[in-house]
1. Would you check if there is a residue in region 112-126 being away from the ligand (no atom under 16 Å from the Cβ), buried (at least 16 other Cβ atoms within 10 Å of the Cβ), of a type in the set (D, E, K, R) and not in a helix (DSSP H, G or I)?
2. Take the conditions farther than 20 Å from ALA98 by Cα and within 13 Å of the ligand (Cβ to nearest atom) and apply them to LYS152. Does it pass?
3. Of everything in region 161-208 that's within 12 Å of the chain's Cα centre (by Cα) and part of a loop (DSSP other than H, G, I, E, B), which residue is nearest to the ligand (Cβ to nearest atom)?
4. Among the candidates ILE132, ILE118, single out the residue that is of a type outside the set (D, E, K, R) and over 30 Å from GLU208 (Cα atoms).
5. Please go through region 86-110 and give me each residue that is more than 12 Å from the ligand (Cβ to nearest atom), free of Cβ contacts under 8 Å to residues at least 40 places away in the same chain and either acidic (Asp, Glu) or in contact with a strand residue (DSSP E or B) (Cβ under 7 Å, 6 or more places away or on another chain) (or both), ordered by number.
Amino acid sequence: MTKGAQLYEGKAKKVFETDDPELLIVSYKDDATAFNGLKKGTIRGKGVINNKMSNALMRYLEKKGVPTHYVEELNDRDTVVKRVSIVPLEVIIRNIAAGSFSKHYGVEEGRVLKIPTIEFSYKNDDLGDPLINAYHAMALELATEEEIDTIKKYAFKVDEELKKFWESCGVTLVDFKLEFGRLSDGTIVLADEISPDTCRLWDSKTGEKLDKDRFRRDMGGVEDAYQEIMKRLEEHI
Ligand code: UDP
């Protein structure tokens, strides 16, 4: 499988066409952004880690019954995925209060939530990815009711499986963001990535942050945290 024309360059990845119209190649970069692109930087080695971690977790989730866009890892940074049209919703699941949830609702970071929560943001950089509810999403034709039901079902299944997996690594899955896409026949599959860029992952014993919050909050030790979380994954997957 070889890279054809570049289709798109995002904040953390580039996407290329292939000789198969149903397949694309995603190439992971070391570039990092936060706060809707206001903060920019580089996390050395991040692209390799996110590529390998996301692929390993997608393979794991496929085995547990969640369909994904994953096809084949080509090398350290490049992966073949199924071409999808992305549902323009960021799907966020939370087990523990942190980040914008803590801020919006005045809840201290680290409070264990009575039940996992789901929320949607409208994927639109110009608007700053505003929170949106399922009725808004249907009214604006971003997704159908059936698609939203499927997305919710998969998102909670991903939470259940990844919570257990990370627990076995001594890591607490605090919250994460998923994106879903439609295959050419309309089937909904998990797409984008699952990585320390898109999840909050805390050491279960010490509470140490092993994710992109170290970059967002200028905490230092960003590269080391990405290496550490990858090591934990490789020891347990
Ligand atoms: N997240 C993400 N991309 C975004 C916004 C959030 O991957 O554009 C992830 C983030 O890493 C965290 C979860 O979604 O794991 C919840 O993020 P939150 O809403 O608390 O926003 P933040 O505090 O990161 O702005």
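1. Narrowing region 112-126 to residues away from the ligand (no atom under 16 Å from the Cβ): 114-115.
If we keep only those that are buried (at least 16 other Cβ atoms within 10 Å of the Cβ) too, we end up with none.
No, because not a single residue in region 112-126 is away from the ligand (no atom under 16 Å from the Cβ), buried (at least 16 other Cβ atoms within 10 Å of the Cβ), of a type in the set (D, E, K, R) and not in a helix (DSSP H, G or I).
2. Details: farther than 20 Å from ALA98 by Cα: yes; within 13 Å of the ligand (Cβ to nearest atom): no.
In short, no.
3. Only one residue fits best here, namely THR198.
4. Numbers: ILE118 fails: over 30 Å from GLU208 (Cα atoms).
Of the residues listed, the single one that is of a type outside the set (D, E, K, R) and over 30 Å from GLU208 (Cα atoms) is ILE132.
5. If we filter region 86-110 for residues that are more than 12 Å from the ligand (Cβ to nearest atom), which is where we start, we get 86-88, 106, 108, 110.
When the remaining residues are screened for being free of Cβ contacts under 8 Å to residues at least 40 places away in the same chain, the result is 106, 108.
Across region 86-110, the qualifying residue is only GLU108.
Conditions (1) within 22 Å of THR172 (Cα to Cα); (2) at pLDDT below 95; (3) within 16 Å of the ligand (Cβ to nearest atom); (4) in contact with an Asp or Glu (Cβ under 7 Å, 6 or more places away or on another chain), marked per residue:
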{"position": "LEU7", "(1), (2), (3), (4)": "no, no, no, yes"}
{"position": "GLU17", "(1), (2), (3), (4)": "no, no, no, no"}
{"position": "LYS29", "(1), (2), (3), (4)": "no, no, yes, no"}
{"position": "ASN36", "(1), (2), (3), (4)": "no, yes, yes, yes"}
{"position": "MET53", "(1), (2), (3), (4)": "yes, no, yes, no"}
{"position": "LEU57", "(1), (2), (3), (4)": "yes, no, yes, no"}
{"position": "LYS64", "(1), (2), (3), (4)": "yes, no, no, yes"}
{"position": "THR68", "(1), (2), (3), (4)": "no, no, no, yes"}
{"position": "ARG77", "(1), (2), (3), (4)": "no, no, no, no"}
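The values are calculated or read from the model by the stated rules, or taken from the named source; none is laboratory data. Remember, it's a predicted structure, so these values are computed and weren't measured experimentally. Ideal geometry is used to build each Cβ from the backbone, glycine not excepted, and the neighbour counts take in all protein chains shown.
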